[in-house]
1. On a full-extension model of 0.36 nm per residue, what is the gain between Asp90 and Glu26, subtracting their alpha-carbon distance, rounded to one decimal in nm?
2. Just to check I understand the Karplus step: with θ = phi - 60° and J = 6.51 cos²θ - 1.76 cosθ + 1.60, what whole-Hz values come out for segment 67-73, glycine and proline as x?
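Read the figures in this text as sums done on the coordinates, not as results from a lab. The model shown is predicted, which means the values in this text are computed figures rather than measured ones.
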Amino acid sequence: MEPRHKTPGGEELPPIPAKRYFTIGEVSELCGVKPHVLRYWEQEFNQLKPVKRRGNRRYYQHHEVLLVRRIRELLYNQGFTISGARNRLDEGGAVEVAAVNSPEIIKMPGGVRGELQSIIEMLQL
């Protein structure tokens, strides 16, 4: 089960579909962030590196969508500055997102995976 993410207005963000790649427009809608903000964050957060193909179009993978939501949470809900959010992610926030989506964990039964995600969420508090 994915952690619940809310917009600054308190609305829940939509669930992330099971797709391999997402366009910048799709990520914008899934994360409640405008495309120009995503492009800016790519410059500020070295962990955020979407694949660029055909005509320099950006394609984000599932773990990058989760990372965008984490960055958004740090900046908009927890009040971090860009620098503070970058430091927080460098301390291990990006590793947590990647760990939950590692191939070994994805293959685990849903209950075990859910428990691991709950533990990670508790550790983030």
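1. Values: separation 64, 0.36 × 64 = 23.04 nm, distance 2.60 nm.
Going from the current span to full extension adds 20.4 nm.
2. 5, 4, 5, 5, 4, 4, 4
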